[in-house]
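Taken together, the values in this text are just the output of simple stated rules run on the coordinates, not laboratory data. From a predicted model like this one, the values you see are computed outputs, not experimental measurements. Glycine gets a Cβ as well: all are built from the backbone with ideal geometry, and neighbour counts include every protein chain shown.
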Amino acid sequence: MTDFQNLGLSGGLLKAVAENGYASPTPIQEKAIPLILKGHDLLGLAQTGTGKTAAFGLPLIDRLLADGKVAPKGGTRALILAPTRELVNQIAKNLISYLKSTQLRVTSVVGGVSINAQIKRLSRGTDILVATPGRLLDLVDRKAVDLGTASYLVLDEADQMLDLGFIHALRRISGLVRDERQTLLFSATMPKQIEDLAKSYLRNPERVEVAPTGRTADKVTQSVHFMDQKAKSDFLLQQLKANPDGMSLVFCRTKHGAERLMRRLSQKGLAAGSIHGNKSQNQRDRAIRDLREGKINVLVATDVAARGIDIPGVSHVYNFELPEVAEAYVHRIGRTARAGADGDAVALCAPEEIGLFRQIEKLIGVDIPVAGGEVPPLSAAAGRSKRGGQNRGGQNRGNKPAAKKPPRKRSTKNHNDNTPGARPQKQRRSGNRKSAA
């Protein structure tokens, strides 16, 4: 078995590795660390929960220490981008644990918290900046940070950043980082957009792949129950009450659906919390902390929690609603069976979700065992689009085509602009896909 000592890390980092309880490197760490230490650009493909943060974090810190440089005022020596606040915070937490015996500084910036406090911290300079793309560009526009000082660029969970619509932000940010740099790109899946991204940003990269695309964690026991959508809440309640000592994550598709389900579970006597894009960063942090500390044992979430939450004690993941993108299923169930533990992933599938379910099975290459209910025919999903037959707000329109509305008559009453006969102005939708991160 390979030991961390054989990977070329310095003595100080080997001590940090031991203090963090890492006995031996994971496959992605074993393959990536030596290549990064040699200065290669890297394309790393690995499923969630395989130790990617240490795979790039440990050699990155080693190289920064070897440089012997000082963090520039208002700048950073290394930039790490991640798609969600939770993942940024998790990466920063891990890096800080590796840096206890050094003078290197780690700064994280995400949306949902005071930007003025972040500007103040960045003015002192930092060795490693971990950020979400949206908040980072806000800081760039305010001239609060100089990315031209960064010699290292890491894109973590790049596929999710593309799913969230960050491609233009990534292009702009990469253009602000110095040309002479080492670039590392990590992704759980390899769609064509990631290939194009790698060709654009990486120079003669080494490629490291440790698990087939879409493969789920080995120690997760999967099952599916087929039932009507209306029956899901009562079934979930029974499951959770039958496992009072377990720690569970429950995934919903929409923010409002997650909040509504959390309130129902709480009303039924369960200690539950929620995390989604409508929550402030402090609320999201508090919900995760409450789960870790046992103050709650059920956390209802949208896919903002599908990556970046590392809570070893999670015993069950419930897919209350199947995700519209099959890859998200892999990340959701990867929140259990962490750190060598076992875990259960239970999917609740309504007839109109059978198409989504079949896409998941095709992706992971596994027939998920049926634990209850009758398998509906694939025709039950007729009329649904490839994205699940839902509008952007996530409201299920069902299988019937929408009835055409008669044309609206112009009113003679005054409206928003106080002009007789004028149409009322449409309200702007609050938030967008990026704000959910």
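What's the extension gain from Gln229 to Arg263 if we count 0.36 nm per residue and subtract their Cα-Cα distance?
10.5 nm
Taking the Cα atoms of region 322-371, what is the range of coordinates along each of the three principal axes, in descending order and whole Å?
So the extents along the principal axes, rounded to whole Å, are 35, 22, 17.
When you count, for each residue, the other Cβ atoms within 10 Å and take the mean per peptide, how do 263-273, 70-80 rank with the highest first?
Descending mean neighbour count gives 70-80, 263-273.
With the alpha-carbon atoms as the only input, what is the per residue convex hull volume for region 4-209 in Å³?
Looking at region 4-209, the number lands at 109 Å³ per residue.
Which whole-number percent is the relative contact order of region 4-209 (Cα, under 8 Å, 6+ apart)?
This gives 29 percent for region 4-209.
Would you mind working out the magnitude of the charge dipole of region 290-382 relative to its Cα centre, with +1 at each Lys and Arg C-beta and -1 at each Asp and Glu C-beta, to the nearest 20 Debye?
Computed charge dipole of region 290-382: roughly 260 debye.
Which length gain, in nm to one decimal place, applies between Ser280 and Asn243 when the Cα-Cα distance is subtracted from 0.36 nm times their residue separation?
The Ser280-Asn243 span can extend by a further 10.3 nm.
Translational D (Stokes-Einstein, µm²/s) of region 107-166 at 37 °C and 0.692 mPa s when Rh comes from the Kirkwood sum over C-alpha pairs?
The diffusion coefficient I find is 267 µm²/s.
Roughly how many debye, to the nearest 20, is the charge dipole of region 220-381 about its Cα centre, given +1 on each Lys and Arg Cβ, -1 on each Asp and Glu Cβ, and no other charges?
The dipole of region 220-381 has a size of about 680 debye.
Over region 228-315, what portion of Cα pair distances is larger than 15 Å, expressed as a whole percent?
55 percent
Just to be sure I understand the model, the point goes 7 Å from the Cα along the line to the Cβ. What's the resulting Asn116 to Ala271 distance in nm?
Result for the modelled spin labels: 3.7 nm.
For region 1-111, which semi-axes, largest first and in whole Å, follow from the square roots of 5 times the eigenvalues of its Cα gyration tensor?
Whole-Å semi-axes of the equivalent ellipsoid: 21, 17, 14.
Quick check: convex hull of the Cα atoms in region 220-381, volume per residue, rounded to a whole Å³?
Hull volume normalised by residue count: 106 Å³.
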